[in-house]
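The values are calculated or read from the model by the stated rules, or taken from the named source; none is laboratory data. If you're wondering where the values come from, they're calculated on a predicted model, not measured in any experiment. As a convention, Cβ positions derive from the backbone with ideal geometry for all residues, glycine included, and neighbour counts pool all protein chains shown.
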């Protein structure tokens, strides 16, 4: 088999996001579908043209091709130009100006805020963002989110329709609107990240791409003074801390490894450093969000050289702060887990008794897994096995099922 | 001559990433042939627009590439001792998995 060429990874994908954003700024969001097709054409052209020789600057080549394509577009949707007064105004701006780096970043931010617009169904926002900003195909999105391609198609179509029908302006909101919308933008980015980090998707490369995309989007918000704030900095730090452990979460035979069994030498140090640096900026104001506390917890885990050295006392403290700021049954469950690690069984029992499985939705198996651990640690093997059985009957993900089965076997063997 | 049929990227819904990977494979194949001194010439053909002229009346039809059943996507003229040697070169064509076909034809030489 012939050797692959050493071109920048994901150049096309990132270029897709840039070009779609710029073209939407020029032609308007209502032409999104045509624009995505046009950008697609640019890549096909590149494949033909680059067959024999790579250009010196592939990125510049693509940009020029996109600009030329844009001029074609001008001709083909000329009638649209007459209908939309806006377009003439925007088009009057020197088009070249919009291809400068700052303006590209600005266009992409507008696209992020469009994807997170309240007029879009929350379920559709992620699929739309992955398509328009991330340059993923429907098939790739379906694989990453473990959904059917047909579902993704519906979501994207519905989102595009909402964008067109509700006449969403292609802009970064201002003032109070900016503050409110940024909250949703961060939620969507974190959801995207979690799809990658916690997903049942077995292909590590796919998961890394989702995590990387979430990091890239949050970095864009940080790089613009309008959208940068302590929350997005903390979110970025948090995602760096988690990402550092991504490679060690699963072993060669595709089994989930918990914090106790992960090979800590595999943690990726540069991401820890990047996270720490950003965390220093994020904590400067002294106002903390849920992302700050979650980052603090993730950071405590990274600090421990061995599992035994984990500072559970501080972790519990951060969970308590998190719970005070944003009460959630998942915080309580995590606190029970920490209590068990501290061998504070009565505290663990207290917390678990406050919870009901239904509060945890799809992840209620975690609740039973925690009870199982409690009974195991307090020497009640029969109850522990029973709780594992319940958890195993509820777990939706094969990898986690394997993990629980193994734990149950170990209790049985003892 | 290696003539490439089918596997029109424009109609396949490939993602940018998949297209970049395709491009990498084409580039690598070309590089391999160049290094072996096999390539004489070659072109990729634009498939967005096809103009066909046919019949005694020279009837002209403009069609989109996607409407043509087996579209020629490009060709290479390579130096090969015989069909078997050309077949070895053609084995690296990147698009078999997308339903592409390579047709090997000898360029006739008159002397």
Completion exercise
Considering region A:1-25, residues that are at pLDDT below 80 and closer than 20 Å to residue A:65 by Cα, and then whichever is nearest to the other protein chains (Cβ to nearest Cβ), we arrive at A:7
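Working carefully through the options A:186, A:217, A:109, find the one that is crowded, with 21+ Cβ neighbours inside 10 Å and closer than 19 Å to residue B:17 by Cα.
A:217
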Handout entry: Subset of region A:38-56 [more than 8 Å from chain B (Cβ to nearest Cβ) and out of contact with any helix residue (DSSP H, G or I) (no Cβ under 7 Å at 6 or more places or on another chain)]
Key = A:53, A:56
Handout entry: One residue from B:46, B:8 being facing chain A (nearest Cβ under 8 Å), under 12 Å from the mean Cα position of the chain (by Cα) and at pLDDT below 90
Key = B:46
Practice task
Evaluate region A:375-397: report whether one residue or more is touching a residue at least 40 places away in the same chain (Cβ under 8 Å) and outside the structural domain of residue A:260 (by TED's automatic domain parsing).
Solution key: yes
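Yes or no, residue by residue, for (1) within 14 Å of another protein chain (Cβ to nearest Cβ); (2) within 18 Å of the chain's Cα centre (by Cα):
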position	(1), (2)
A:122	no, yes
A:131	yes, yes
A:134	yes, yes
A:137	yes, yes
A:143	yes, yes
A:148	no, no
A:153	yes, no
A:158	no, no
A:161	no, no
Exercise for the section: Report yes if residue A:246 is at pLDDT below 90 and at negative phi, otherwise no. Expected result: yes
Exercise for the section: Consider residue A:171 carefully, then state whether it is within 19 Å of the chain's Cα centre (by Cα) and either crowded, with 20+ Cβ neighbours inside 10 Å or under 27 Å from residue A:225 (Cα atoms) (or both). Expected result: no
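Here's the yes/no breakdown for (1) out of contact with any helix residue (DSSP H, G or I) (no Cβ under 7 Å at 6 or more places or on another chain); (2) facing another protein chain (nearest Cβ under 8 Å):
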position	(1), (2)
B:24	yes, yes
B:27	yes, yes
B:30	yes, yes
B:36	yes, no
B:40	yes, no
B:50	no, no
B:53	yes, no
B:66	no, no
B:87	yes, no
Handout entry: Answer from A:105, A:49, A:65 - the residue that is modelled with pLDDT of 85 or more and in contact with a strand residue (DSSP E or B) (Cβ under 8 Å, 6 or more places away or on another chain)
Key = A:49
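Taking residue B:99 as the residue in question, decide whether it is surrounded by fewer than 13 Cβ atoms within 10 Å (Cβ to Cβ) and within 14 Å of another protein chain (Cβ to nearest Cβ). Don't jump to the end; show me each part of the working.
Details: surrounded by fewer than 13 Cβ atoms within 10 Å (Cβ to Cβ): yes; within 14 Å of another protein chain (Cβ to nearest Cβ): no.
Criteria not met by residue B:99.
Quick check, is residue A:30 modelled with pLDDT under 85 and within 7 Å of chain B (Cβ to nearest Cβ)?
no
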